[in-house]
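Following this message is one structure expressed as structure tokens.
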Amino acid sequence: MDTFVLLSITGLGLGAMYFLVASGLSLIYGLMGVLNFAHGAFLTVGAYATWYTESKLGGVGNVGVRFVLAALVGLAVGAIVGAVVEIALIRPLYQRHIEQVLVTVGLALVTTALVQAIWGNDARTVAVPSWVGDTTHVLGASIPNDRWIEIAAALLVLFGLEAFLRRTRYGLIIRAGVENRAMVTALGIDVRKAFTLVFAIGGVAAALAGVLSGVYFGTVDPSRGTSLLIFAFIVVVIGGLGSIRGSALAAVVVGLTQQYVNYYGSVHLSALGGLGDLSVVLLLGLVLLARPGGLSGKLA
Amino acid sequence: MSAVLSIQDLHVHLGESHVLQGVTFEVPEGGVTALLGRNGVGKTTTLRAVMGLTGRRGRIEFAGEDVTQEPTHRVVRRGLGYVPEDRDVFAGLTVEENLRLAVRNGSANYDLVYSLFPELRTRGRQAAGTLSGGQQQMVAIARALLNENRLLLVDEPTKGLAPLLVTEVAHALEAARERTTILLVEQNLGVVRRLADSVVVLETGRVVHTGPARALLDDRETVHRLLGVG
Amino acid sequence: MSARQVRNVAIPVVLLVALAFVPRLSIDIPYVLGGSTDTPGTLQLLALMLVFAGVALTYDLLFGYTGLLSFGHALYFALGVYLTAIAMTKWHWSFAASLLLTAVVGLVLPLLLGSVSLRVGGIAFAMVTLAFAQAGQILVQQNPHKLTGGEEGLGVDYHQLPEGLVGVFNTKHLYWIALGYAAAVFAIVRWAVESSPGRVWQAIRENELRVEVIGLRPFVFKLMAFVLSSFLATAGGVVYLLLIGGATPEVTTANFTLTLLVMVVIGGTGTRWGALIGGALYTLLDHRLGSLAGSDAVDSLPSVLKTPLQEPLFVLGVLFILVVFFVPGGIARIDRLGRRPRTLQRLEEALHTTQEPA
């Protein structure tokens, strides 16, 4: 039982990070029709900005203060990078979707290479307050405290995004634009500002995922963005484009499935340790073959 | 009477098809101009081209200004309302949100809209996707009436509606006619007869007839030849 | 034969013959090659360029000619690399037997996976191919029964290889094999594209609906293209294995497929020479930029510029972005500079139901 609880909370923790990356991806594809391969780069940039700031803060306050400050810097960098990328690279290619996708691929390569060039391939440690590394006892299981942070952060973002989408004018524009972008312009609304906003939001969310991955794994490295991005794509397809709630649900399903199948598969079926990863990936294939439009029907 | 809309030598290609082959006509200010023609002749494409929703070549002047190069949202902000053929209401938004989205400036004529379509007020919180076809049509028309527009482009508003609803729509358009100019695409000749002051007829991507509505509609032979009905 | 037909055959043949003589010649292009062409190091590089020229062309067969965007092409290349290595090194099969096994699986696997993947189109197809490739990557990483070597990869057992292919002095043989591979892919793709099925592929890329209306079933033709393209990629994987001497998990990644995409776009999709140029150029830059970065010219730059330039992938990524912006037709269409090639236009239409203004 205690293993089950540990697996569940860990699955939720991972799911939290997938959700954070997927939410931005989902909005961007839903609203703009752009498959943003650079999303992993936003994550990497946010993670490294946090690590770098933390390393430069030296003796300021205690570890907790430094970490929070560094994280805030990381989030700000994520937002700015997201907005700048949209304005400089995506907007000029308006309505040339293939080129937009290709440009994000190029950007992903460039960013990873840049990070590798400056800081090398080795993983860098992120310093966190010591209580993060401790465990809490829940239902007999020892849960590492970082899981709570990830889950809390994801819930915050989920509620924040939902509130933004339901209660603000730009949220309204985005929700409508995801359904029918042409009609939104036909009502006299300049969707381009919404585009930049959505990229900025995606940048922040991905950067947050980057920061949290630093907490979860204890380190940041140049390939983190790419590896999480794949799972985010899976979540987006399963959960539905432009649907925040769908992404949240799918992220939970993916995270939990991965954990359960990885563990029980290796223990009871003496299968490979990666059976969970495999099954999640195949789940993507199955969903698409059954419903090429993704679960929400908006993919195709 | 000046023209609120002037279209000159409009060409549109959709895929490999040369749909509009040099469409030229004017919409005089005030009243209703009906855009007629058989199915597939390019009426909807013409409206979409004016809106900038499809690539086009030619010259478009709206309220005296050349708007050919302007993006859709900017042309619309000059006072252009659009009621598309498929209504295009946002299914995931409520009725109230659909209307609110359309509001351009601070002031919106909710009084007019709710007096014409009282149901929209009562169903304000209902998701637009759950409305009937007729109710969605009301939302689509209401959107265009909320703002002060110099011209409304209305595409087949009575399509697929029961006779009672057709009358309601016609009534709404009559109310609109008092406030703005309308370019109306419509297959229902009864509605055209009731509303239209002048007509423009398209055939194979070109304008083949313009003139007063009554004169054309009374000429059964020509109506049959050009529109294939009657 | 018309003048154009003569030219179309003559140019590739002349090129082939010229390239075949390269190992006998002693050409040294400073900075670019890092050594003269009769040295094993340079021949190895040239051979790699040829292999990737061929593999990039196999990707273009799908992307540029048939209008299919696959994110999982790496799977079939990796199949060639890993299966041959495993058969020889872990199961101690002979070279010939390993080749045969790889050939058979290289036909059957894309047939199976393609039949499944092609049930959907557009983005969904891209994602399904990605899913299958990811499954392959995970499988390799998990190192089942210690077969794949996991993160560290798998070296090839030299005893199983024919003598002529082993050893530094025989690099020129490997070069010729790579040249043969590239030439074969070029010839096969050329023939396939200009054959009747090939015309159907291009018709499918242009307008799938119309192909159906004529009474043909696009699915069968797409599957043909998919199997051919994947099989040729598997063959490339085998040649790559011979060149490198081992299998590494890098070739199973989505990144690898994206690299092929970059090669094809830089070179010019859907053109006769584009993919070849892109594949060769990318490989050259990838290997040589690192050394170039150590040169005096770059050394004198301020470190802000110097650091990123030392990373080949950075330069390649920037180059790629510039190409997409300013020369979307690629190098092969450089005479048309900024104009967007129809290949991309059609691909876009195939991938998106445009719900937006033109």
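How many of the residues making up region C:207-224 are part of a helix (DSSP H, G or I), within 14 Å of chain B (Cβ to nearest Cβ) and either more than 16 Å from C:Val120 (Cβ to Cβ) or more than 28 Å from the chain's Cα centre (by Cα) (or both)?
Of the residues in that region, 3 qualify.
Right, something else. Step by step: first the residues of region A:243-274, then only those that are closer than 28 Å to A:Arg124 by Cβ and without any contact (Cβ under 8 Å) to a residue 24 or more places away in the chain, then the one that is farthest from the other protein chains (Cβ to nearest Cβ). Which residue is that?
Step by step, filter region A:243-274, then rank; the result is A:Asn262.
Scan region A:72-87 and tell me whether some residue there is within 17 Å of A:Gly225 (Cα to Cα), in a helix (DSSP H, G or I), of a type in the set (A, V, I, L, M, F, W, C) and within 14 Å of chain C (Cβ to nearest Cβ).
yes
So the check is Cβ under 6 Å with 6+ separation or different chains; which pairs have a first residue in region B:1-24 that's exposed (fewer than 14 other Cβ atoms within 10 Å of the Cβ) and a second one that's part of a loop (DSSP other than H, G, I, E, B) and at pLDDT below 95?
Qualifying pairs under 6 Å: B:Met1/B:Glu29; B:Ser2/B:Glu29.
Residue under question is C:Ala47, and the condition is that it be surrounded by fewer than 11 Cβ atoms within 10 Å (Cβ to Cβ), within 20 Å of C:Ile177 (Cα to Cα) and modelled with pLDDT of 75 or more; does it hold?
no
Right, here's the next one. I'm trying to understand the selection: among the residues of region B:43-63, which are outside any helix (DSSP H, G or I), crowded, with 22+ Cβ neighbours inside 10 Å and within 14 Å of chain C (Cβ to nearest Cβ)?
B:Gly52, B:Arg56
Any idea which of (1) within 14 Å of chain C (Cβ to nearest Cβ); (2) in a helix (DSSP H, G or I); (3) crowded, with 23+ Cβ neighbours inside 10 Å; (4) in contact (Cβ under 8 Å) with a residue 60 or more places away in the chain is the one A:Arg91 doesn't satisfy?
(3)
Further question: Which strands (runs of 3 or more DSSP E) sit wholly inside region B:1-42 and have at least 2 residues that are within 14 Å of another protein chain (Cβ to nearest Cβ)?
Output list reads B:3-14, B:17-28.
Would you list the helices (runs of 4 or more DSSP H) that sit entirely within region A:153-242 and hold 2 or more residues that are within 12 Å of the chain's Cα centre (by Cα) and away from chain B (no Cβ under 14 Å)?
The qualifying helices (runs of 4 or more DSSP H) are A:191-217, A:224-239.
Moving on to the next point. For B:Gln187, only one of the following conditions fails: (1) part of a helix (DSSP H, G or I); (2) surrounded by fewer than 18 Cβ atoms within 10 Å (Cβ to Cβ); (3) in contact with an Asp or Glu (Cβ under 9 Å, 6 or more places away or on another chain). What is its number?
Every condition holds for B:Gln187 apart from (1).
With respect to C:Leu316, is the statement that it is within 13 Å of another protein chain (Cβ to nearest Cβ), over 15 Å from A:Glu99 (Cα atoms) and either in contact with a Phe, Trp or Tyr (Cβ under 9 Å, 6 or more places away or on another chain) or at pLDDT 90 or above (or both) true?
So C:Leu316 fits the description; yes.
Select from region C:100-111 the residues that are hydrophobic (A, V, I, L, M, F, W, C) and within 18 Å of C:Thr58 (Cβ to Cβ) and write down the one among them that is nearest to the other protein chains (Cβ to nearest Cβ).
By that ranking, first place goes to C:Leu109.
For region B:119-142, indicate whether the set of residues that are under 15 Å from the mean Cα position of the chain (by Cα), closer than 24 Å to A:Arg192 by Cα and surrounded by 15 or more Cβ atoms within 10 Å (Cβ to Cβ) is non-empty.
yes
Which of (1) more than 30 Å from C:Leu347 (Cβ to Cβ); (2) within 9 Å of chain C (Cβ to nearest Cβ); (3) small (Gly, Ala, Ser) does A:Ala108 not meet, given it meets every other one?
(1)
Residue check, B:Asn98 against (1) more than 22 Å from B:Val12 (Cα to Cα); (2) surrounded by fewer than 17 Cβ atoms within 10 Å (Cβ to Cβ), all met but one. Which one?
Every condition holds for B:Asn98 apart from (2).
If C:Gly267 meets every condition in (1) modelled with pLDDT of 90 or more; (2) farther than 18 Å from A:Val110 by Cα; (3) touching a Pro at 6+ places or on another chain (Cβ under 9 Å) apart from one, which number is that one?
That leaves (3) as the condition not met.
Next question. Tell me which residues, restricted to region A:51-67, are within 14 Å of A:Val215 (Cα to Cα) and either modelled with pLDDT of 85 or more or touching a Gly at 6+ places or on another chain (Cβ under 8 Å) (or both).
Passing the criteria: A:Trp51, A:Glu54, A:Arg66, A:Phe67.
What are the residues in region C:31-66 that are in contact with an Asp or Glu (Cβ under 8 Å, 6 or more places away or on another chain) and either on the phi > 0 side of the Ramachandran plot or of a type in the set (Lys, Arg) (or both), if any?
Passing the criteria: only C:Gly35.
Another question, then. If you take the residues of region C:112-147 that are within 9 Å of chain A (Cβ to nearest Cβ), under 18 Å from C:Arg217 (Cβ atoms) and of a type in the set (A, V, I, L, M, F, W, C), which of them is nearest to the chain's Cα centre (by Cα)?
In this case the residue turns out to be C:Phe125.
Does C:Val220 satisfy the criteria of being surrounded by fewer than 18 Cβ atoms within 10 Å (Cβ to Cβ), among the β-branched types (Val, Ile, Thr) and either free of Cβ contacts under 8 Å to residues at least 12 places away in the same chain or in contact with a Leu (Cβ under 7 Å, 6 or more places away or on another chain) (or both)?
Yes; evaluated as a whole, the condition is true for this residue.
Go through (1) touching a helix residue (DSSP H, G or I) at 6+ places or on another chain (Cβ under 7 Å); (2) within 22 Å of A:Gly78 (Cβ to Cβ) one by one and return the number of the condition A:Gly188 breaks.
(2)
While we're looking at this one, here's another question. Please go through (1) within 28 Å of C:Gly290 (Cα to Cα); (2) within 14 Å of another protein chain (Cβ to nearest Cβ); (3) in a helix (DSSP H, G or I) for A:Gln100 and return the number of the only condition it doesn't satisfy.
If we test A:Gln100 against (1) within 28 Å of C:Gly290 (Cα to Cα); (2) within 14 Å of another protein chain (Cβ to nearest Cβ); (3) in a helix (DSSP H, G or I), just (1) comes out false.
A further question follows. For the structure I just gave you, tell me whether C:Ser115 is more than 26 Å from C:Ser195 (Cα to Cα) and surrounded by fewer than 24 Cβ atoms within 10 Å (Cβ to Cβ).
no
Regarding region A:28-39, can at least one residue be identified that is at negative phi, more than 14 Å from chain C (Cβ to nearest Cβ) and in a helix (DSSP H, G or I)?
No, every residue in region A:28-39 fails to be at negative phi, more than 14 Å from chain C (Cβ to nearest Cβ) and in a helix (DSSP H, G or I).
A:Ile143: assigned to a helix (DSSP H, G or I) and modelled with pLDDT under 95, yes or no?
no
The values are calculated or read from the model by the stated rules, or taken from the named source; none is laboratory data. A quick note: this is a predicted structure, and the numbers were derived from the prediction, not measured. Note that we place each Cβ from the backbone using ideal geometry, even for glycine, and neighbour counts take in every protein chain shown.
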